[in-house]
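Trainee: So that we are looking at the same thing, I have put the structure below in structure tokens.
The values are calculated or read from the model by the stated rules, or taken from the named source; none is laboratory data. Since we're looking at a predicted model, the values are computed, not measured. Every residue, glycine as well, gets a Cβ built from its backbone with ideal geometry; the counts of neighbours run over all protein chains shown.
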Amino acid sequence: MVSEKDHNVSRRQFLTYTLTGVGGFMAAGMILPMARFAIDPVLQAGAAGDMTAVADVSDLTEQPQRFDFSYEQKDAWYTSEVTETAWIYQEGDEIVALSPTCTHLGCTVNWDANEDYPDQFFCPCHGGRFEKDGKNIEGTPPTEPLHKYEVEVQDGTVYLGKAEPQI
Amino acid sequence: MKWITNDIASFIQERKYIDTALVPLLPVTFGSGVRQSAAMNEFISIISDELERQFKGRMLLVPPFTYLETEDIHQRKERLLEWAAEMKKEGTAHIIYITADSEWKKAEQSLGDLLVWMPLVPLENMDMEYKRQVVSEQIKQLIPLIMEKWKMDT
Ligand code: FES
């Protein structure tokens, strides 16, 4: 555990170092920790078929948190690593994982990102907004709720499948 | 939106929403700087792809503006401004240039619009997970800049 911590510090220092150069205008200090899950390749290879291991249940809270995960996708020409993001929260027994892709034109939405709209998903592109459960808020551009990932839990690990429309 | 037929169809249809062009600026050389040129290409394409993913509904990632490393800065700036004029003429409200080539900083004033210069991060020897972390931290720094630009321009 201790060595992992040390490791993080040196990474952070490295990032601070590299970022100090970005224009004059970027504040280097504001690196936020991000909820992430180191995907064990053994798990990834898939007890759960096409599902990907994304998070530990013990890391979930009632507030949606951002988890990044990636998997390989075969295209007609090449295989590529695709990175996806899910906003995941737990309420009672239910685990909800929402796709961050705005249903208007596809920008990435963020939870609680706009001071004027706390506890909503906010789209930076044209001000689209969604409730915590993904429902689109009327009067903003999106016309349907955020898509929802198929969720499966096995041995305390959250696996996600495909994101499907809620309606 | 990407410069592919599928996305361009949406671009044509939803043009009033997709009002921003993201233009990577890439130096090319076949001489001793070829390694550096490749590294910049790799780094800037990863960053611009990721920005496109974040801002898909408002940003069109156009093919990179390339130039020989030896091309005089004034000359390449003139050529770039022609691109800009064409994009503006066709209704692009905001242009964001992204590059790892520090030469452009000399031209920053006269470019107008937003020039994002990123110091080159050597991604070549990083493992996947670490690479992703580095890129995502960089993106996190860029997002507010772009949103600021949108706010300022309106
Ligand atoms: S893409 Fe989200 S509001 Fe337009």
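Trainee: Could you tell me which of the residues B:E52, B:E90, B:E71, B:E108 is within 13 Å of the chain's Cα centre (by Cα) and at negative phi?
Mentor: None of the others qualify; the one that does is B:E52.
Here's the yes/no breakdown for (1) touching a residue at least 12 places away in the same chain (Cβ under 8 Å); (2) more than 9 Å from the ligand (Cβ to nearest atom):
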| position | (1), (2) |
| --- | --- |
| A:G106 | no, no |
| A:D116 | no, yes |
| A:G128 | yes, no |
| A:P142 | yes, no |
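Trainee: To continue, here is another question. Does A:A86 meet the test of being closer than 24 Å to B:M128 by Cα, part of a loop (DSSP other than H, G, I, E, B) and more than 15 Å from the ligand (Cβ to nearest atom)? I'd like the intermediate steps shown before the answer.
Mentor: Details: closer than 24 Å to B:M128 by Cα: yes; part of a loop (DSSP other than H, G, I, E, B): no; more than 15 Å from the ligand (Cβ to nearest atom): yes.
So A:A86 fails the test.
Trainee: Within the bounds of region B:104-111, is there any residue that is assigned to a loop (DSSP other than H, G, I, E, B), away from the ligand (no atom under 16 Å from the Cβ) and at pLDDT below 95? Explain how you work it out, then say what you get.
Mentor: Initial filter on region B:104-111 (assigned to a loop (DSSP other than H, G, I, E, B)): none.
Checked against the condition, which is being assigned to a loop (DSSP other than H, G, I, E, B), away from the ligand (no atom under 16 Å from the Cβ) and at pLDDT below 95, region B:104-111 yields no hits at all.
Trainee: Going residue by residue through region B:113-122, is there one that turns out to be at pLDDT below 95, within 10 Å of another protein chain (Cβ to nearest Cβ) and loosely packed, with under 14 Cβ neighbours inside 10 Å?
Mentor: Yes, region B:113-122 contains at least one residue that is at pLDDT below 95, within 10 Å of another protein chain (Cβ to nearest Cβ) and loosely packed, with under 14 Cβ neighbours inside 10 Å.
Trainee: Identify the single condition in (1) in contact with a helix residue (DSSP H, G or I) (Cβ under 6 Å, 6 or more places away or on another chain); (2) within 14 Å of chain A (Cβ to nearest Cβ); (3) more than 16 Å from the ligand (Cβ to nearest atom) that B:L61 does not satisfy, given that it satisfies every other one.
Mentor: Going through the list (1) in contact with a helix residue (DSSP H, G or I) (Cβ under 6 Å, 6 or more places away or on another chain); (2) within 14 Å of chain A (Cβ to nearest Cβ); (3) more than 16 Å from the ligand (Cβ to nearest atom), B:L61 breaks only (3).
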